[in-house]
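Remarks on the structure that follows.
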Amino acid sequence: MRLLFLYLLIANISFGQNNSANEKSQYTTDNFVRSINNLTLDAALEINKRITKAAALLDKKVSISVLDASGTIILISRADGIGPHNTEAARRKAYTALSTKTATLSLLRNTEINPDTKNLNTLPELLLLSGGVPIWYNGNIIGSVGVAGGGSPENDDLIAKSAAIESLGITTTK
């Protein structure tokens with residue numbers, strides 16, 4: 001009887017080990033972990049500098065928000081004399097550009113002509129105003145930027161697009 005019990009015990013242990021070995025072989029790190037490129041604080045500071053310079057060339061002062069690929073704020077700045085509402089607008093423009101993978105001026109204009117997309121303005125965090133652009137590197141979004149206070153939709157869009165660091169392959173278009 002003891003031999004039978006011992007035999008059954010060994011068989012069950014062996015079966016359990018083989019099952020977990022098979023299970024492990026079907027999983028790889030690539031199935032569960034993915035590395036992504038992301039903007040850094042140094043990149044956000046450089047983008048802030050470029051945007052501030054572009055705004056100054058238009059004789060404008062703006063609020064700027066730079067987000068990483070996950071939508072987390074890296075940097076927010078507000079020029080002297082800019083209304084406080086512009087800071088939140090810049091953040092939401094950056095979030096909208098990141099989450100839709102589209103410059104907010106293009107998104108705004110597309111929603112005006114396409115009745116199927118008019119409801120986008122009802123989502124709490126999206127802001128359908130120009131001045132938000134995704135930031136791309138090697139065909140992937142690595143962050144976004146939002147600009148508010150440039151005086152017009154076209155100015156906000158133009159100023160935001162100055163965030164590109166083309167020499168490093170960091171662009172505001174895919």
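The values are calculated or read from the model by the stated rules, or taken from the named source; none is laboratory data. Keep in mind that what you see is a predicted model, and the values were worked out from it rather than measured. No Cβ is skipped: glycine too gets one built from the backbone with ideal geometry, and neighbour counts run over all protein chains shown.
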Take the conditions under 17 Å from the mean Cα position of the chain (by Cα) and either closer than 25 Å to I142 by Cβ or assigned to a helix (DSSP H, G or I) (or both) and apply them to L126. Does it pass? yes
List the pairs whose first member sits in the stretch 75-102 and is in the same structural domain as N121 (by TED's automatic domain parsing) and free of Cβ contacts under 8 Å to residues at least 12 places away in the same chain, whose second member is among the small types (G, A, S) and assigned to a helix (DSSP H, G or I), and whose Cβ atoms are under 8 Å apart, counting only residues at least 6 apart or on separate chains? none
Across the stretch 148-163, which residue is farthest from A54 (Cα to Cα) among those that are surrounded by fewer than 24 Cβ atoms within 10 Å (Cβ to Cβ) and in contact (Cβ under 8 Å) with a residue 40 or more places away in the chain? P153
Condition broken by G83, with the remaining ones in (1) assigned to a loop (DSSP other than H, G, I, E, B); (2) of a type in the set (G, A, S); (3) modelled with pLDDT under 95; (4) exposed (fewer than 10 other Cβ atoms within 10 Å of the Cβ) satisfied: (4)
Over the stretch 57-80, the set of residues in a strand (DSSP E or B) and hydroxyl-bearing (S, T, Y) is S63, S65, S77
Is the stretch 35-56 home to any residue that is surrounded by fewer than 16 Cβ atoms within 10 Å (Cβ to Cβ), under 14 Å from A148 (Cα atoms) and out of contact with any strand residue (DSSP E or B) (no Cβ under 6 Å at 6 or more places or on another chain)? yes
